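Novice: Before I ask anything, let me first share the structure, which is written out below as structure tokens.
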Amino acid sequence: MTCHLVQSLLDDYIDGDLTASQTAEIDSHLALCTRCREEQLKSVKLRQLLASRALPDPGPQYFTEVTELVLARTVDMTDSEQRAFRESVDSSRNRAPFFRSLIAAAASIALFVTAMYVGSVRPMTAEAPPADSRIRQATSMVAMLHSDDNRVMTDAEKLRLTSGMVLIGPPGMVGRYADMATVLGTK
Amino acid sequence: MEDNIPELIERFCGGDSHAFTELVHRYQKRIYYLAYQMLGNHLDADEVVQETFVRVYRKRKEIRDVANFTSFLTRIATNYSIDLLRKQKGHSQLPDDPGDLPGDVQVELSRRVRQPDDLLQDKVLSEEIQRALATLPPRQKITALLHDVEGYTKTEIALVLDCPEATVRSNLHIARKKLKKILQKRLAIKE
């Protein structure tokens, strides 16, 4: 038998699932092959580690309480009470994801509407905004892209705008968009 | 004289609540420790134990084969554990700190007294094994636990997981290979 074949059968060999002749062949191979013998020992050691693993003991009181809880939910309940209990558990489980989706959708719509409103009240102009504005009004995108004028936005203004975009965050981050007005200086 | 399990199951299926109580006593620890190893924390293990017996109670009229009751019970527990694993959020997969567990908690290692250093070593090893198990997909994990920890045969595991025996062998082989790789330092053979 080759080492490759022996190692592929090692699990079944250790588990005692092979035929007598296969077992004898592997026995002979392991007697002569150090590498395969090492793999066998590792496999055995893994099983020992798993089987002897220390687990926390919750104590006898816990198991007494569990029995009481189980009986309260089964033997001590009538069939109709059990049905009603199950229905209330199932419906609360079904409701939660639906409401989470609803809130996320509402937050996304609110964010979109706010972004549209802010965009609409700030005119897009190619002219240079007044020097005392906290943030320059946005020029048209095309003008900005083609402009060599680095004074369209100062570094501080760029940082403020980036911070505002980061603060807005992804859809569903309810509340963060509320700070946009502060960032953009419209407050 | 204590009733044997088949008699208890027969009586339970016939509606005997005392038989059900006795079955809960007899099986709850096994289900708890299996769930604990699957899920890695007391809260989830507790949920699995309770839910398993509640479901068994509800399905008592469907139990046909008394001889396979253990497989039936284990199947409910493993399926629920796998569901919880897939939804697991927030509950750590690392073992609980013994101080957080209810009752008189102690790490049950063996019947002999262990020294503090040994206890610490065991805790470290236990956490390492739990981390390694946590990397396995649910079905591979439960297969390895049922076979190498709980001592189920491959045939029994196939019944529990409702899959062919060949699938059990395959999952077991892959799980062991992965665990060997992760725990290789622990498995190093000293000359």
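Novice: Six or more apart or on different chains, Cβ under 7 Å: which pairs go from a residue in segment B:120-135 that's more than 13 Å from A:Leu46 (Cβ to Cβ) to one that's modelled with pLDDT of 85 or more? Could you list them?
Specialist: From segment B:120-135, the pairs are B:Gln130/B:Gly40; B:Ala134/B:Gly40; B:Thr135/B:Lys178; B:Thr135/B:Ile182.
Novice: Filtering segment B:151-191 down to residues that are more than 11 Å from chain A (Cβ to nearest Cβ) and assigned to a loop (DSSP other than H, G, I, E, B), which residue is nearest to the chain's Cα centre (by Cα)?
Specialist: B:Tyr152
Novice: From the list A:Leu18, A:Leu41, A:Leu32, A:Leu71, which residue is open to solvent by 70 Å² or more (accessible area, probe 1.4 Å), among the aliphatic types (A, V, I, L, M), within 30 Å of B:Gln37 (Cα to Cα) and modelled with pLDDT of 90 or more? Write out each step before concluding.
Specialist: Details: A:Leu18 fails: open to solvent by 70 Å² or more (accessible area, probe 1.4 Å); A:Leu32 fails: within 30 Å of B:Gln37 (Cα to Cα); A:Leu71 fails: open to solvent by 70 Å² or more (accessible area, probe 1.4 Å).
Testing whether each residue is open to solvent by 70 Å² or more (accessible area, probe 1.4 Å), among the aliphatic types (A, V, I, L, M), within 30 Å of B:Gln37 (Cα to Cα) and modelled with pLDDT of 90 or more leaves just A:Leu41.
Novice: Further question: Looking at segment B:37-72 only, could you name the residues that are aromatic (Phe, Trp, Tyr) and open to solvent by 40 Å² or more (accessible area, probe 1.4 Å)?
Specialist: Within segment B:37-72, just B:Phe72 meets the criteria.
Novice: Could you list all residues from segment B:22-36 that are within 7 Å of chain A (Cβ to nearest Cβ), buried (at least 19 other Cβ atoms within 10 Å of the Cβ) and either without any contact (Cβ under 8 Å) to a residue 12 or more places away in the chain or under 16 Å from B:Leu133 (Cβ atoms) (or both)?
Specialist: Passing the criteria: B:Tyr33, B:Tyr36.
Novice: Can you tell me which of (1) more than 7 Å from chain B (Cβ to nearest Cβ); (2) surrounded by 17 or more Cβ atoms within 10 Å (Cβ to Cβ) is the one A:Arg53 doesn't meet?
Specialist: Result: A:Arg53 fails condition (1) only.
Novice: Just name the residue that is nearest to A:Ile14 (Cα to Cα) out of those in segment B:129-167 that are of a type in the set (Ser, Thr, Tyr) and open to solvent by 10 Å² or more (accessible area, probe 1.4 Å).
Specialist: Within segment B:129-167, the match that is nearest to A:Ile14 (Cα to Cα) is B:Thr153.
Novice: Got a sec? Which of A:Gln22, A:Gln40, A:Gln7 is in a helix (DSSP H, G or I), without any contact (Cβ under 8 Å) to a residue 24 or more places away in the chain and either under 16 Å from B:Leu172 (Cβ atoms) or more than 35 Å from the chain's Cα centre (by Cα) (or both)?
Specialist: Working: A:Gln40 fails: without any contact (Cβ under 8 Å) to a residue 24 or more places away in the chain; A:Gln7 fails: without any contact (Cβ under 8 Å) to a residue 24 or more places away in the chain.
Testing whether each residue is in a helix (DSSP H, G or I), without any contact (Cβ under 8 Å) to a residue 24 or more places away in the chain and either under 16 Å from B:Leu172 (Cβ atoms) or more than 35 Å from the chain's Cα centre (by Cα) (or both) leaves just A:Gln22.
The values are calculated or read from the model by the stated rules, or taken from the named source; none is laboratory data. The structure presented is a predicted model; accordingly, all values stated were derived computationally and were not measured. Cβ atoms come from the backbone with ideal geometry, glycine included; neighbour counts cover every protein chain shown. Ligands, DNA and RNA are excluded from the accessible area calculation, which covers all protein heavy atoms including side chains. Shrake-Rupley method; radii C 1.70, N 1.55, O 1.52, S 1.80 Å.
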